[in-house]
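What follows is one structure encoded as structure tokens, with my remarks underneath.
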Amino acid sequence: MEPFERSPLASAPPAPRASQPLPFASPEQLDPKLQAFLEQASRQLCSWLGSASQRSPLPGLSVLPGVEPSLEGLDPAALLADLQLVMDGAYNPNHPGALAHLDPPPLAASVAADLICAGLNNNLLAEELSPSLTRLERSLTAWLAEQLGLPAGSGGVAASGGTLSNLMALVTARRCRGLATQADAVVLASADAHVSLAKAMAVMGLPAHALHPIPVDREGRLDPVALEQELDQLAQTGTPVIAVVATAGTTVRGAVDPLLPLAEICCKRELWLHVDGAIGAVFGLVAGHRFRVAGLERADSVTINPQKLLGITKTSSLLLLARPQSLAEAFHTGLPYMEPSWGGGHGGETGLQGTRPAEILKLWLGLRQLGLEGLEAVLDGAIQRRRQLAALLEASGRLQLRGGSFHLLAFTPRGLDAAAAEHWSQHTRQRLLQEHLMLSRPWYAGRHHLKAVLGNPHTRSSHLDSLARLVQLSLDELP
Ligand SMILES: Cc1ncc(COP(=O)(O)O)c(C=O)c1O
């Protein structure tokens, strides 16, 4: 016996009681208890989704159930009652007035696939832990990259969110450019780029100032002339550049940086171009909308977040690369506790994450449910709602509108100082919330704005009319 082992008598665990079978599905036969539990849970979810418009998008404070497990496990009825308490306090994206953030209602097939994904409990770490799903991820990422116009042989990996996709892109770029140990290397991105880039600097062990913000024009797009000037200066001081990050859809207004000129600059100077298309890259999937992200196909790497406009349940983000092998070059470690890969490489070595759920399943099923026409309809609807709201708000003549070519629209009254704009935005947001219309209140260009994200397919013209009317009431109260 090993010296640290206790005697069998002292350590024998109590045998599970026969009256309480452990709550794992039977491997011998269809388990009626599991089936009843899942059916009841599904009913509960469906009724939560189906009653969304009777509640506010943003619930008030709710009761929380106990957090610690009791001595004896709870039965399904008690579990579902507790679940309901948490559901009662959850953000309500299925409400037609949920317009504040990039968090749309869940697409039906992706909800079902998420359930199956949990039940399969496969692991994208390694091929033998997810044989079909690993292949599905490889094939679907290759198809998506091809749809976006990336070169033959491109592909990528799923990641738990755009922050992680952006981080992996920059780590890969740094490695491919031979700068992995270069402490003075920098990244250039527009001043309106997402905060996840700042987080990436910290994770990569770079100082915050290694992220160089390049000014944007009046439309919120990175200024290529300013970029060239900055690159010239860096060249003069011999400062190495990890990547230029272009944003296809900035977070507040949905601006798209000039991707083609940026691709030209990067090509000429042999720089890595990463496109953060967390918001906008999905528009590159549909021929009729591709012009909005023209140049995306020239990127070395692209972040795309189907969890946003497409409503694939969270999380669903992908990092796509023109040379997907570069992921393995950056993240390969060997997995000494695994059988060798069957040829395509282990998922756990083609990205930062180790154990990873099969997020690809809900994206695949969701896209198959939408079909190409459904995909186009989602994008069309979002653009059409943004146009309608912009026209309604413009009619006031008092608002500074800030949009881009996507489904985001931010606005603030003209002629107010920052303090008055903050007060107006707070007051107007509350007024809208009372009518179950929820906007967000981002800080942008030195003042608070109200922002509408028009990706919610349940939002009808009448909701936008009400929204514009309530905003007008608030404008009328201004001195
Ligand atoms: C442009 C952009 N990039 C990246 C991200 C980060 O994505 P995630 O929240 O999935 O990590 C966001 C989030 O809103 C974003 O707007």
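Please compute the net charge surrounding Pro131, taking Lys and Arg as +1 and Asp and Glu as -1 over other residues with Cβ under 14 Å from its Cβ.
-2
Across all directions, the average projected area of the convex hull around the alpha carbons of segment 9-147 is 13.9 nm².
Averaged per residue, segment 29-137 has 57 square angstrom of accessible surface, using a 1.4 angstrom probe with ligands and nucleic acids left out.
Per residue, the Cα convex hull of segment 79-177 amounts to 182 Å³.
Taking every C-alpha pair closer than 8 Å and separated by at least 6 residues, the mean separation divided by the residue count of segment 249-364 gives a relative contact order of 19 percent. Size of segment 350-479 from its Cα atoms: along the principal axes, largest to smallest, the extents are 56, 34, 27 Å. Taken one residue at a time, the phi angles of segment 353-370 give Karplus couplings (6.51, -1.76, 1.60, θ = phi - 60°) of 6, x, 4, 8, x, 7, 4, 4, 4, 6, 5, 4, 5, x, 5, 5, 5, 5 Hz. Gly and Pro are set to x. Where only DSSP H runs of four or more residues are counted, the chain gives -13000 deg cm²/dmol as its mean residue ellipticity at 222 nm, each run worth -39500 (n - 2.57). Per-residue packing, averaged as other Cβ atoms within 10 Å, sorts the ranges 342-353, 306-317 into the order 306-317, 342-353, beginning with the highest. With a Förster radius of 22 Å applied to the beta-carbon distance between Trp143 and Ala287, the computed FRET efficiency rounds to 0.90. Over all Cα atoms in segment 22-70, the spread is summed up by Rg and Dmax: 15.9, 45 Å.
Approximating the spin labels as points 7 Å out from Cα along Cα→Cβ, the Leu22-to-His427 distance works out to 6.2 nm. Database remark: amide H of His212 closer than 5 angstrom to the amide H of Val187, Leu188, Ala189 (H placed geometrically; neighbours at sequence offset of 5 or more, or on other chains; Pro and chain starts carry no H).
Model label sites at Ala90 and Asn121, defined 7 Å from Cα along the beta-carbon direction, differ in position by 2.1 nm.
First measure r as the distance between the Cβ atoms of Ala395 and Ala208, then evaluate 1/(1 + (r/R0)^6) with R0 = 51 Å and state the FRET efficiency to the nearest 0.05.
On the way: r = 43 Å, r/R0 = 0.83.
About 0.75, to the nearest 0.05.
Label zone (His332, point 7 Å along Cα-to-C-beta; backbone nitrogen cut-off 13 Å) within segment 340-359: 341, 343-346, 349-351.
Among beta bridges identified by DSSP and lying wholly in the chain, the antiparallel ones come to about 60 percent. Karplus-derived 3J(HN,Hα) values for segment 150-159, using 6.51 cos²θ - 1.76 cosθ + 1.60 with θ = phi - 60°, are 5, x, 3, x, 7, x, x, 8, 7, 9 Hz; glycine and proline are entered as x. When the charge dipole of the chain is built from unit charges on Cβ atoms (+1 for Lys and Arg, -1 for Asp and Glu) and taken about the Cα centre, the candidate among Leu30, Leu319, Ala391 whose Cα reaches farthest toward its positive end is Ala391. Taking all protein chains as shown and a probe of 1.4 angstrom, Arg431 keeps an accessible surface of around 50 Å².
Backbone geometry of segment 61-69 corresponds, through the Karplus equation with coefficients 6.51, -1.76 and 1.60 at θ = phi - 60°, to 3J(HN,Hα) couplings of 5, 10, 6, 9, x, x, 9, 8, x Hz, x marking Gly and Pro.
I'd like the FRET efficiency for Thr237 and Arg323, computed as 1/(1 + (r/R0)^6) with the beta carbon distance as r and R0 of 25 Å, rounded to 0.05.
On the way: r = 29 Å, r/R0 = 1.16.
Efficiency computed from Cβ-Cβ geometry: 0.30.
Seen from every direction in turn and averaged, the convex hull around the alpha carbons of segment 32-106 projects onto 6.0 nm². Averaging the sequence gap over all C-alpha pairs within less than 8 Å and six or more residues apart, then dividing by the number of residues, gives the chain a relative contact order of 19 percent.
Rolling a 1.4 Å probe over the protein heavy atoms of the chain, with every protein chain left in place, gives an accessible area that is 57 percent carbon and sulfur. Taking every alpha-carbon pair within the chain, the share separated by more than 30 Å comes to 54 percent. Sorted largest first by accessible area at a 1.4 angstrom probe radius, with every protein chain in place, the residues Tyr91, Tyr444 fall in the order Tyr91, Tyr444.
With 0.36 nm allotted per residue and the present C-alpha distance subtracted, the Ser132-Glu477 stretch has 118.2 nm of extension available.
The values are calculated or read from the model by the stated rules, or taken from the named source; none is laboratory data. None of these values were measured; they are calculated from a predicted model. Neighbour counts are summed over all protein chains in view; Cβ atoms, including those assigned to glycine, are modelled from backbone coordinates with ideal geometry. Remember, those area values only see protein heavy atoms, side chains included, never the ligands or the DNA or RNA. Shrake-Rupley method; radii C 1.70, N 1.55, O 1.52, S 1.80 Å.
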